[in-house]
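Notes follow the structure.
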Number of protein chains: 4
Amino acid sequence: MTEPDVQGLQRRLAEFAASREWQPYHTPKNLAAALSVEAAELLEIFQWLTPEEADRVMDDPETAHRVADEVADVLAYLLQFCGALGVDPLAALSAKIDRNEVRFPVGRPPGRAARTSKEPDRHSTE
Amino acid sequence: MTEPDVQGLQRRLAEFAASREWQPYHTPKNLAAALSVEAAELLEIFQWLTPEEADRVMDDPETAHRVADEVADVLAYLLQFCGALGVDPLAALSAKIDRNEVRFPVGRPPGRAARTSKEPDRHSTE
Amino acid sequence: MTEPDVQGLQRRLAEFAASREWQPYHTPKNLAAALSVEAAELLEIFQWLTPEEADRVMDDPETAHRVADEVADVLAYLLQFCGALGVDPLAALSAKIDRNEVRFPVGRPPGRAARTSKEPDRHSTE
Amino acid sequence: MTEPDVQGLQRRLAEFAASREWQPYHTPKNLAAALSVEAAELLEIFQWLTPEEADRVMDDPETAHRVADEVADVLAYLLQFCGALGVDPLAALSAKIDRNEVRFPVGRPPGRAARTSKEPDRHSTE
């Protein structure tokens, strides 16, 4: 059995939706909303946990399954969104890391803003 | 030059964070929150657009770049979240599609609930 | 019977949480996450609907109840978040409208940015 | 000067949108998306903070202003969403607290599910 890869998964997702006639619902706007909803469902697992409890979340088999299931949903909608708009997610991330290596040189302190409210790499608006 | 793959990107993200000493912030709970925030930033691009305008979003180079950039951010936090908890995102999605093929047989109408409020595959709680 | 008001609801929510010993979970960070999760649950109702279907969502009593219920959850966490940090939500909104009336004078076209990607009042960073 | 109340704020928001001809964008679906995006922007302030740092977030005037500003945005879209669909948010929350007082009697332990993954009152699907 071969490892699943991103292109193969995108193909399976497209065939799955097509054979059930779900494509009319899979508009870019709807998929962006669904992605956001699934990411919130993943966050929901963690919302009342202390940082320590959150770190041990995979120790409970039922919660571990739920985490993997929500990860799958987030990735499914991300790949379908990318398929609908012709975005290559791996190339997009690779290019973003390239840019961030220039923007955030190693050894330079990130400054106060990064510390108190957000991480430097959060700023996507380049 | 080789194509980026998921494992390679995960490794680059881990090295990027380690060399800048950002790992203390990259707890599972924080990464789940960051993933959700980035997914909302992607949705923000579409929030006031009609379905038709949303379909043409890649025609404008600036908006196309913004979309790819937010896709990169979502994928970056998803991969880092998976790295922190030892989840294999491709295997999780592959297993989920396997399950959904059983749950939603082709040719069976999804029923009213699926139509009015949510798609059948939205229910992750199996 | 009197109309519920914001202060009265905040008081009831605080008593409800205190008598069940839920306050340790109601930290500002957790409440901000919970608010975001509830807002996504409200969005979930609409994610696969056309704009026309979305406009008629209150015609179905079951969906109408679900909408009201999610609105209640969003408001509950917003009020509890404000209570935890001492923010007056009505005063904050009133002040924001005051500022926006200066920033977006009537009769001036909002420009292209407002049209394609976001509404002018979306920019909170003044 | 009188205290702002919910009805008065809803009226001001409606007049603000009408005089700028923004109502065509303010569909229920778009407002639900915008509400979710704003809630994520509030969460963004907290995403990299420890629970202790999050508790002190109002000590810094700039961050305190940012928090109040995002609270205003969340409330603005919640009220506009409710206006578009004819939902009374205060009545919805009051009815929800009534139901929750029956569902979660004082003195009964919430059980394991409530503790590990979610709070009892998170379940809106009654």
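Can you list the chymotrypsin sites (Phe, Trp or Tyr not before Pro) in the range C:1-95 that are in a DSSP coil and have 14 or fewer other beta carbons within 10 angstrom? Mind showing how you got there, number by number?
On the way: sites: C:16, C:22, C:25, C:46, C:48, C:77, C:81; in loops: C:22, C:48.
Qualifying residues, ordered by number: none.
Give me the percent of the accessible area of the range D:6-103 that comes from carbon and sulfur atoms, probe 1.4 Å, all protein chains in place.
Carbon and sulfur together cover 53 percent of it.
Sort the range B:36-78 into rounded, prolate or oblate with this rule: let a ≥ b ≥ c be the square roots of the eigenvalues of the Cα gyration tensor; rounded if a/c is under 1.5, and if a/c is not under 1.5, prolate when a/b is larger than b/c, oblate otherwise.
oblate
What shape does the range A:6-103 have by the C-alpha gyration tensor, where a ≥ b ≥ c are the square roots of the eigenvalues, rounded means a/c under 1.5, and otherwise prolate means a/b greater than b/c and oblate the rest?
Judged from the Cα gyration tensor, the range A:6-103 comes out oblate (a/c at least 1.5, b/c at or above a/b).
Using protein heavy atoms only (no ligands, DNA or RNA), what is the total accessible area buried between D and C, 1.4 Å probe, nearest 100 Å²?
The buried area between D and C, both sides summed, comes to about 6400 Å².
Within 10 Å of each candidate Cβ there may be at most 15 other Cβ atoms; applying that plus a DSSP loop requirement, which trypsin sites (Lys or Arg not before Pro) in the range B:1-73 survive?
Answer in residue order: B:56.
Return one whole number: the accessible area per residue of the range D:6-103 in Å², for a 1.4 Å probe.
Accessible area per residue: 35 Å².
Compute the label-point distances linking residue A:105 to its equivalents in the other copies; points lie 7 Å from Cα along Cα→Cβ; give nm, one decimal, shortest first.
Label-point distances to the other copies, shortest first: 4.5, 6.5, 6.8 nm.
For residue C:29, what charge total do you get from the other residues with a beta carbon under 12 Å from its beta carbon, if Lys and Arg give +1 and Asp and Glu give -1?
Residues close to residue C:29 contribute a combined charge of -2.
Put a label point 7 Å from Cα along the Cβ direction on residue C:19, then list its distances to the equivalent points in the other copies in nm, shortest first.
Counterpart label points of residue C:19 in the remaining copies fall at 4.5, 5.4, 5.8 nm.
Determine the distance separating the Cα centre of the range C:1-27 from the Cα centre of the range B:10-24; give it in Å without decimals.
If we compute the Cα centre of each part, the gap is 42 Å.
Give A:96/C:96; B:96/D:96; A:29/B:96; D:29/D:96; A:96/B:29 a once-over and call out the pairs whose C-alpha atoms are over 29 Å from each other.
A:96/C:96; B:96/D:96
Based on alpha-carbon centroids, what's the gap between the range A:72-109 and the range D:52-72 in Å, whole number please?
30 Å
The values are calculated or read from the model by the stated rules, or taken from the named source; none is laboratory data. This is a predicted model, so every value here is computed, not measured. With ideal geometry, Cβ positions are generated from the backbone for all residues, glycine too; neighbour counts draw on all protein chains shown. The protein model used for the area step is the full one, side chains on, heavy atoms only, and it has no ligands, DNA or RNA in it. Shrake-Rupley method; radii C 1.70, N 1.55, O 1.52, S 1.80 Å.
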